[in-house]
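Asks: The structure follows.
Coordinate-derived values only; no laboratory data. Just so it is clear, the model here is predicted, and its values are computed rather than measured. As a convention, Cβ positions derive from the backbone with ideal geometry for all residues, glycine included, and neighbour counts pool all protein chains shown.
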Amino acid sequence: MTSPAAILSCSDLSIGHGHRVIMAGISFALAPGKILAIVGPSGCGKSTLLRALSGLDDPQGGNTSLLGIDLNVASNLERESILRRTGFLFQGSALFSSLTLLENVEMPLKEFSQAPRREIRQIAEYKLSLVGLADAMDKLPSEISGGMAKRAGIARAIAMDPEVIFLDEPSAGLDPLTSGRLDDLILKLRDTFKTTIVLVSHEIPSILRTADFCVYLDPDTGRMGAYQPPREFLLPNAHPKAHAFFARAQLPT
């Protein structure tokens with residue numbers, strides 16, 4: 001299931017830890033500027049798949065193409081190119097506790113760009129303003145809320161104007177109001193900057209609101225259950241386990 005227009009695709013991908021395969025038979029193609037949600041019960045390998053798709057971890061088998069680069073045979077230079085053109089929000093945001101929010105966002109710019117110090121600061125300030133943190137850039141991670149930390153992590157992930165952003169549980173642990181604001185930010189990134197976004201989430205209302213497509217991982221079979229728009233999982237003829245998973249929540253108004 002590959003496509004010349006796909007910004008991210010995989011074919012018969014299998015993922016796991018060590019020699020243990022968690023999930024196999026994962027195949028899909030995602031067009032640029034779309035939002036893909038990876039869903040399924042806890043422990044089915046969602047975060048593991050996210051890391052394999054981003055090139056951070058090697059899969060057990062199969063093929064993956066990201067930004068036109070075959071990850072199976074990518075050179076060090078090609079992998080460095082991918083790092084420059086993608087962003088990643090880790091679980092818990094993974095901000096450096098000893099650095100201010102501004103310094104956290106500046107880090108990828110200092111590592112991957114040759115921009116002068118003043119320009120790096122201006123870019124970092126702009127990215128923090130995009131996520132609503134212009135007044136908190138001098139604060140440490142310990143001085144802000146969980147929702148603010150998630151937004152700061154996204155600001156760092158978009159520091160290099162990435163074409164693809166990978167988000168691992170961006171709404172986890174957030175109250176509904178804060179989660180809704182994060183949904184707004186994700187949609188803004190897609191609609192304003194045409195950014196492709198791949199996220200792991202178990203928040204059904206958020207998925208229904210933001211995602212264009214979903215990959216459902218079935219832990220009982222150890223294979224991808226379905227790949228389709230999320231609202232189609234609510235139809236009676238949908239994949240039975242995916243339908244039950246999505247039916248836990250009502251459609252958002």
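Asks: Scan around Gly62 for amide H atoms under 5 Å from its own, H built in the peptide plane at 1.01 Å from N, and keep only partners 5 or more places away or cross-chain.
Replies: It is Ser14, by chain and number.
Asks: Lysine pairs in the chain with alpha-carbon atoms under 25 Å apart, 8 or more places apart or on different chains: how many are there?
Replies: 22
Asks: How large is ³J(HN,Hα) for each residue in the stretch 36-41, as worked out from phi by the Karplus curve 6.51 cos²θ - 1.76 cosθ + 1.60 (θ = phi - 60°), to whole Hz, x for Gly and Pro?
Replies: 10, 9, 9, 10, x, x
Asks: Ignoring everything except DSSP H segments at least 4 long, calculate the 222 nm mean residue ellipticity for the chain; use -39,500 (n - 2.57) per segment, divide by total residues, nearest 500.
Replies: Estimated from H runs of four or more residues: -10500 deg cm²/dmol.
Asks: Relative contact order for the stretch 177-253 using alpha-carbon pairs under 8 Å, separation at least 6, rounded to a whole percent?
Replies: Relative contact order for the stretch 177-253 comes out at 24 percent.
Asks: Could you give the length gained on full extension between Asp161 and Asn63, defined as 0.36 nm per residue of separation minus the Cα-Cα distance, in nm?
Replies: 32.7 nm
Asks: Can you grab the distance from the C-alpha centre of the stretch 68-112 to the C-alpha centre of the stretch 12-54, Å, no decimals?
Replies: Using only Cα atoms to place each centre, the spacing works out to 20 Å.
Asks: How much length is gained if the chain between His19 and Arg84 is pulled fully straight, taking 0.36 nm per residue apart and subtracting their Cα-Cα distance, in nm to one decimal?
Replies: That works out to 20.4 nm of additional length.
Asks: Report, by chain and number, residues whose modeled amide H sits under 5 Å from the one on Cys214, excluding near sequence neighbours (fewer than 5 apart, same chain).
Replies: Amide H to amide H, under 5 Å and 5 or more residues apart or across chains, Cys214 pairs with Ala37, Gln228.
Asks: May I ask you to evaluate 6.51 cos²θ - 1.76 cosθ + 1.60, the Karplus curve with θ = phi - 60°, for each residue of the stretch 60-74 and list the ³J(HN,Hα) values in order in whole Hz, giving x for glycine and proline?
Replies: 6, x, x, 10, 9, 10, 10, 6, x, 10, 6, 5, 5, 10, 5
Asks: In whole Hz, with x marking every Gly and Pro, tabulate ³J(HN,Hα) for the stretch 108-116 from phi via Karplus 6.51 cos²θ - 1.76 cosθ + 1.60, θ = phi - 60°.
Replies: So the Karplus estimates, Gly and Pro as x, are x, 5, 5, 7, 10, 10, 9, 5, x Hz.
Asks: Work out which trypsin sites (Lys or Arg not before Pro) in the chain are exposed loop sites (DSSP not H, G, I, E or B, at most 14 other Cβ within 10 Å) and give the longest gap free of them.
Replies: 1-193
Asks: Expressed as a rounded percentage, what relative contact order does the chain have, with Cα pairs under 8 Å and six or more residues apart?
Replies: 24
Asks: OK, next. Please list, in chain and number order, the residues 5+ apart from Leu167 or on another chain whose amide H is under 5 Å from its amide H, with Hs placed from the backbone.
Replies: For Leu167, the qualifying residues are Leu89, Val198, Leu199, Val200.
Asks: Then there is this: Rounded to the nearest 5, what % of the DSSP beta bridges within the chain are antiparallel ones?
Replies: Within the chain, antiparallel bridges account for around 50 percent of the total.
Asks: Over the stretch 1-90, what portion of Cα pair distances is larger than 23 Å, expressed as a whole percent?
Replies: Above the 23 Å cut-off, the stretch 1-90 has 18 percent of its Cα pairs.
Asks: How much length is gained if the chain between Met107 and Asp220 is pulled fully straight, taking 0.36 nm per residue apart and subtracting their Cα-Cα distance, in nm to one decimal?
Replies: So the chain would gain 36.6 nm between Met107 and Asp220.
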